[in-house]
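Accompanying notes for the structure given below.
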Amino acid sequence: MNQANDHKDHQSRRNFLKASAIASAFMIVPRHVLGGKGFLAPSDRLIVAGIGVGGKGESDLKLIHESGKAEIAYLCDVDTRQAANSVKRFPKAKLYKDWREMYDKEHKNFDAVTVSTPDHNHAIQTLAAMQLRKHVYVQKPLTHDIYEARILTAAAKKYKVVTQMGNQGASNDGPRLLREWYDAGLIGDVHTIYAWTDRPVWPQGIPWSKNKAEIPKELDWNLWLGTAPYKEYVDKLVPFNWRGWWDYGTGALGDMGCHLLETPFSVLNLKYATEVEASVGSVYYDSFKRGYYPESCPPSSHVTLKFPKTDKTLGDVTVHWMDGGIQPTRPEELGANEVFGDGGNGTLFIGTKGKMMSNTYGDKARLLPLSRNENLNIAQKFARVPNQANGHYGQWVEACIAGHGKKELSSPFEIAGPLTECLLMANLAIRAADIQKINDKGKETYPGRYRKLLWNNEQMKVTNFDDVNQFVKRDYREGWSLGEK
């Protein structure tokens, strides 16, 4: 054998073994070590696109990013004024005005979508994301219409994506404490619930403005309208007061119901109501002249819903909703100077052996009388969410990274869908009060007032007053479609 060739073969083998050893070392060293402090492997990082990135959307994205495992890569808002703070916070994120363009161009580049737009556009933006197999975080209420909520609930199951509604109080300790107390039998069988709020804190029970205004150059009004009927732009509607108009918002129920009624749903396993009735506040513009403003939500309402027996109750459950500052009678067990709920908002459970209540977001759960909370020792049964309400966002991020069905969520669509439908069914009773008919004598009548609506859940319709079923599934403006498949 040639000595020179033998030396070359030996040297090549040494180099090969050395290279293999180095490669093997790199293969067994954790990726975060190689990347340095703070490095996240691509598989441990969620790439997020946000739609509606001002106001609540701004805080949503901030808290999602602060989970430490999410990158905010794309921003979308029809109003660049509202997007300004998020653009400043996430300077590397690409900005769009039209969510459809963002989906079309970038869908291969992100994993998940947040939707924090007005209620009337939630469903189309969310369903389109799920059809792209993107995880979704959607602000409350989940949808504007009952039909939309049913579609999104089914879509979450079909597309097997991770879903969460933005009722962050569902991740507080309070709802879990209430469940543990109830399961331990501390208040017996719950048969009645009261939930109340001081909302609306925006104008309601008013006529639509007749004063046209100039559309701000930063706002794409057509995109903002989206599915809603076309109307000329008016001042003081954007960015917040749309909540009080039926074309866009869902009133106080849509705004606060998901926060205040989540606890009864989780404690009692409530699903779909069977009956609903409502009384609403009136506005008089002159002596004995009642205003008729069907486009606007009323200034106040009291809604009563009946839910069938669940595996957590002995019989039906009656739920009372009150808004506009209306509150239930103070419980006898509560002292004269003790705060009811948090003052303006709260939820009260009435059982056969006692009562318990909580604040907005299910916070500060306590038994009544308050002395019952002293030396209370009930074993923890349900896992807590780290950082509670703020951890609602990180919980979703972790679940998205883990994959569908791998981690528990506080408000996935299987829970959020029926909860949203409950609120929107309550709104059917409220809207029924403003359905106007002209009788054979030319007189205005209101056949939907002062009646109980009976609900067929399978058919998604009111069976004893068909006129109100127009609000179960609205017609979208031409050019817009939910696109369910």
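Remarks
- Residue (of PRO369, ASN390, PRO447) at the positive-pole extreme of the stretch 359-453, dipole from beta-carbon charges: PRO447
- For the stretch 290-338: rounded, prolate or oblate by the Cα gyration tensor [a/c cutoff 1.5]: oblate
- Charging the Cβ of each Asp and Glu at -1 and of each Lys and Arg at +1, and nothing else, the dipole of the chain about its Cα centre rounds to 1180 debye.
- Whole-Å semi-axes of the chain's equivalent ellipsoid (Cα gyration tensor): 48, 30, 19
- Packing rank of 107-118, 344-355, where each peptide gets the mean count of other beta carbons within 10 Å, highest leading: 107-118, 344-355
- Share of pairwise Cα separations in the stretch 86-170, more than 22 Å, in percent: 25 percent
- Tail weight of P(r) past 27 Å, computed on alpha-carbon pairs of the stretch 226-377, percent: 36 percent
- Backbone phi angles across the stretch 112-123, fed through the Karplus curve with coefficients 6.51, -1.76 and 1.60 (θ = phi - 60°), yield HN-Hα couplings of 8, 10, 10, 10, 10, 9, x, 3, 5, 10, 3, 5 Hz in residue order; Gly and Pro are listed as x.
- Distance cut-off 14 Å, percentage of C-alpha pairs in the stretch 343-416 lying past it: 73 percent
- Every pair of different Cα atoms in the stretch 315-466 enters the Kirkwood calculation, which places the hydrodynamic radius at 19.8 Å.
- What the Cβ-Cβ distance of ILE215 and GLU333 gives, at R0 = 56 Å and to the nearest 0.05, is a FRET efficiency of 0.55.
- Full extension of the chain between THR310 and LYS353 gives 13.6 nm of extra length, using 0.36 nm per residue less the Cα-Cα distance.
- Relative contact order (percent, whole number), the stretch 255-343, Cα cutoff 8 Å, 6+ residue spacing: 24 percent
- Under the Karplus curve 6.51 cos²θ - 1.76 cosθ + 1.60, θ = phi - 60°, whole-Hz ³J(HN,Hα) for the stretch 171-182, x wherever Gly or Pro sits: 9, 6, 5, x, x, 6, 4, 4, 5, 5, 5, 5
- Note on exposure: ASP255, ASP475, ASP316 ranked by accessible area (1.4 Å probe, complete protein assembly) read ASP475, ASP316, ASP255, with the most exposed listed first.
- Measuring with a 1.4 angstrom probe and ignoring ligands and nucleic acids, SER300 comes out at about 20 Å² accessible.
- In terms of the mean number of neighbouring beta-carbon atoms within 10 Å, the peptides 196-209, 128-141 order highest first as 128-141, 196-209.
- Positive-end residue of ALA129, GLY174, LEU305, charge dipole of the chain with Cβ unit charges: ALA129
- Within a straight-line Cα-Cα reach of under 12 Å, LYS92 can be paired with the following aspartates and glutamates, leaving aside sequence neighbours fewer than 8 residues apart in one chain: GLU71.
- Rounded accessible area per residue of the chain, 1.4 Å, Å²: 48 Å²
- With contacts taken as Cα pairs under 8 Å and at least 6 residues apart, the chain reaches a relative contact order of 20 percent.
- Sum of side-chain charges, ALA73 neighbourhood, beta-carbon under 11 Å (Lys, Arg +1; Asp, Glu -1): 0
- Added length on full extension, which subtracts the Cα-Cα distance from 0.36 nm per residue, THR274 to SER43: 78.7 nm
- Kirkwood Rh (inverse of mean 1/r, distinct Cα pairs), the stretch 115-230, angstrom: 17.9 Å
- Within the stretch 161-284, the ratio Rg/Rh, alpha carbon atoms throughout and Rh by Kirkwood, equals 1.07.
- Bridge type composition, the chain - antiparallel percent by DSSP, nearest 5: 60 percent
- Portion, in percent, of the accessible area of the chain that falls on carbon or sulfur, probe 1.4 Å: 50 percent
- Between TYR450 and TYR476, the modelled label-to-label distance comes to 4.1 nm, taking each label 7 Å out from Cα in the direction of the beta carbon.
- Here's the picture: charge each Lys and Arg Cβ at +1 and each Asp and Glu Cβ at -1 in the chain, and of LEU482, GLY188, TYR96 the one pushed furthest to the positive end of that dipole is TYR96.
The values are calculated or read from the model by the stated rules, or taken from the named source; none is laboratory data. Here the structure is a predicted model, which is why all the values come from computation and not from measurement. We place every Cβ from the backbone using ideal geometry, glycine too, and count neighbours over all the protein chains shown. Accessible surface is based on the protein model in full, side chains and every heavy atom, while ligands, DNA and RNA are left aside. Shrake-Rupley method; radii C 1.70, N 1.55, O 1.52, S 1.80 Å.
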